[in-house]
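Below is one structure, written out as structure tokens, with a few remarks after it.
The values are calculated or read from the model by the stated rules, or taken from the named source; none is laboratory data. Every value quoted in this text rests on a predicted model; they were computed, and no experiment measured them. Don't worry about glycine lacking a Cβ; one is built from the backbone with ideal geometry, like all the others, and counts go over all protein chains shown. Accessible surface areas use protein heavy atoms only, side chains included; no ligands, DNA or RNA. Shrake-Rupley method; radii C 1.70, N 1.55, O 1.52, S 1.80 Å.
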Amino acid sequence: MYRLYDYLSSGNSYKVRLLLSLLGISYERIDVDIIDGQTRTAAFLARNPNGRIPTLELEDGTHLWESNAILHYLAEATPFLPAHRLDRARVLQWMFFEQYSHEPYIAVLRFWHMHGPMDKQRQAQIEQKREGGNAALAVMQQHLQSHDWFVGRRMTIADIALYAYTHVAGDGGFDLGNYPAIEQWLARVAAQPGYVPITAGTD
Ligand SMILES: N[C@@H](CCC(=O)N[C@@H](CS)C(=O)NCC(=O)O)C(=O)O
């Protein structure tokens, strides 16, 4: 059975929980308190030298980390990863976009709002984070005005990667009311059989 090193409010971890649930795969969830530094212990660093969740322990005891790499691994040979070469590359395109142009703004602002402290150094970066996040949301809005999904005609791991922090962007002060096509896409994702909310683990 897979073992997921996890933290419930983490969107990166939620990507993995959501795909496992959509695929109907059961797993063991190990809670790692990222606020308490549990990702930086020697025992955890032996599993992931980068000291972050999500980290997935495979059935042979080896570990895989980086949320989007884990999604790619789990989605192999399922409808969540297209077979066609260009579609697969487009899935990666949106997943790289998520990590470089979306998550560093939207997830980081959410984390600062939720966990503080909002010190002077963070205050100085808020506007730049807000601009970056809104730029990413505008790119998504533009795509979703003429497409139901990010790649092809069904939900893929590109949608899961982008859904995780977009649906809770309001926690970081973003107004999704400015992005109606995104709101409609969020509802499509939430209507999928097997969908679980971000706060739902297996325990
Ligand atoms: N690029 C990584 C980011 C992972 C990440 O930033 N994880 C955070 C929680 S969302 C974490 O483990 N933070 C604890 C720490 O840095 O010690 C991924 O997509 O998995």
For Glu28, other-chain or 5+-apart residues with amide H closer than 5 Å (H placed, Pro excluded) are Tyr2, Arg3, Leu4
Here the stretch 38-45 yields Karplus 3J(HN,Hα) values (6.51, -1.76, 1.60; θ = phi - 60°; whole Hz; Gly and Pro given as x) of 5, 7, 10, 6, 4, 5, 6, 5
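Any chance you could run the full-extension gain for Thr78 through Ala46? It's 0.36 nm times the residue separation minus the Cα-Cα distance, nm to one decimal. Before the final figure, lay out each step's value.
Working: separation 32, 0.36 × 32 = 11.52 nm, distance 3.03 nm.
Separation in residues times 0.36 nm, less the Cα-Cα distance, equals 8.5 nm.
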Once phi for every residue in the stretch 178-188 is put through the Karplus expression 6.51 cos²θ - 1.76 cosθ + 1.60 (θ = phi - 60°), the whole-Hz ³J(HN,Hα) values, with Gly and Pro written as x, are 7, 10, x, 5, 5, 4, 5, 5, 4, 5, 4
Under a 1.4 Å probe, counting only protein heavy atoms, Arg40 has an accessible area in Å², nearest 10, of 130 Å²
Stretched fully, the stretch from Tyr100 through Gln192 gains (0.36 nm per residue minus C-alpha distance, one decimal, in nm) 30.4 nm
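Given only helices, namely DSSP H runs of n ≥ 4 each adding -39500 (n - 2.57), what is the per-residue ellipticity at 222 nm of the chain, to the nearest 500 deg cm²/dmol?
On the way: 8 runs with 99 residues, N = 203.
Value at 222 nm, helices only, nearest 500: -15500 deg cm²/dmol.
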Per residue, accessible area of the chain with a 1.4 Å probe, heavy atoms of protein chains only, in Å², comes to 49 Å²
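Give the longest segment of the chain that steers clear of GluC sites (Glu not before Pro) in DSSP loops with at most 15 neighbouring Cβ atoms within 10 Å, not counting the sites themselves.
Between the exposed loop sites, the longest stretch runs 77-203.
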Per the rule of 0.36 nm per residue minus the C-alpha distance, extending His147 to Glu183 adds in nm 11.7 nm
Phi angles of the stretch 89-101, converted by Karplus (6.51 cos²θ - 1.76 cosθ + 1.60, θ = phi - 60°) into ³J(HN,Hα) in whole Hz with x for Gly and Pro, give 5, 5, 4, 5, 3, 6, 6, 5, 4, 4, 6, 9, 10
The farthest towards the positive end of the charge dipole of the chain, of the residues Leu71, Pro82, Ile106, given +1 on Cβ of Lys and Arg and -1 on Cβ of Asp and Glu, is Pro82
In nm, the gap between the two label points placed 7 Å beyond Cα toward Cβ at Asp33 and Ile126 is 2.8 nm
